[in-house]
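Notes follow once the structure below has been shown.
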Amino acid sequence: MGILVILWNILKVVVFIVLFIVVLILIIMALVLFSPICYNVTGSYVQCVDGKFDIKWILGAIHAYGLYDKGNLKFSLRLFGYCICGDDKKQKKKQQEIEYTQQDTVLSARSKSEQQKEEVEQQELQQNKKETIANETVETVINTEKKEVQQNQNKKEKVKKEQTKQKHSRKNVSDIKTDSKQTKQNKKTKQSNKENKNKKIDKDYFIHMENKKELLQAIAAFLKRMLKGVSPKHCSLKATIGTGDPALTGYLLGIAGTAKMKFGKGLKITGDFTQKIIKDVFLDVKGKIFLSYLLYAVLRLLFVKPVYKTVMVLWKGCR
């Protein structure tokens, strides 16, 4: 009974660990798929181009931000609030260097007696290191001798094994027949694999393909879903644009009017039909990207029959 109780307790612990790992993986997957990638981009062009961007993911655990000012780009990346790379890290290094220089000035102001004590301690440490190195060299020599002895023993054992293999290396007639059958089967499988590999995706494959309309419709729906998943929720743009050609400027203003139907009153573009100019540009874009929706779009595309067939042909060709 005591052994059964111990086994039951061990099983409980193992099940608890497995459940904990599974729950942790599910939480991480949920955070990755369902936490939005929030982005915000602001910019302006009056005399020169200026702009800012800010990207956050997994509840702000991954944070990238930057600033573009007069041709200089400053970028920083933070992970759980700690700066991994970027200009913020460089600034911290500069501050640390300044602190180190201040400490050096303080150390230089110490008395000579303290410095002499430190030198004596360093000499003692060096002597101790030399003694430890000498002991290590003796141990290494002993270990190398032991390894050589073991290698010689292993070589002798290998020679004995090879001699025994040579004695029992004769094959029966039945074994030879089975080998011949296996070689024939292997040849057949190789031929079938070659036939599968010869199925390449070319122009002719798509010309003679069935259900072309389904493929085109699936690709169009995929592109719409991807644009929907990436497109910003809020967009405001103010600018005066002139191309030099009145017809082309009118065409651009018409496109801006259609875009205004989606983004609302945020788009305010005025046209200058007299000259070629771009001035007084102000941009503000905010949006969210859900990886779960993008994954859904990819899966919907892959489950269409013609797409699935082409993927399988590519997979067989790569193999």
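Throughout, read-outs are computed from the coordinates displayed, never taken from laboratory work. Keep in mind that what you see is a predicted model, and the values were worked out from it rather than measured. Using ideal geometry, Cβ is built from the backbone for each residue, glycine included, and neighbour counts are taken over all protein chains shown.
Annotations
- Protection proxy ranking for 40-50, 20-30, using the average of other Cβ atoms within 10 Å per residue and placing the highest first: 40-50, 20-30.
- Based on Cα contacts under 8 Å between residues 6+ apart, the stretch 1-86 shows a relative contact order of 16 percent.
- Extension gain, Ile37-Ile219: 0.36 nm per intervening residue step, less the Cα-Cα distance, totals 63.1 nm.
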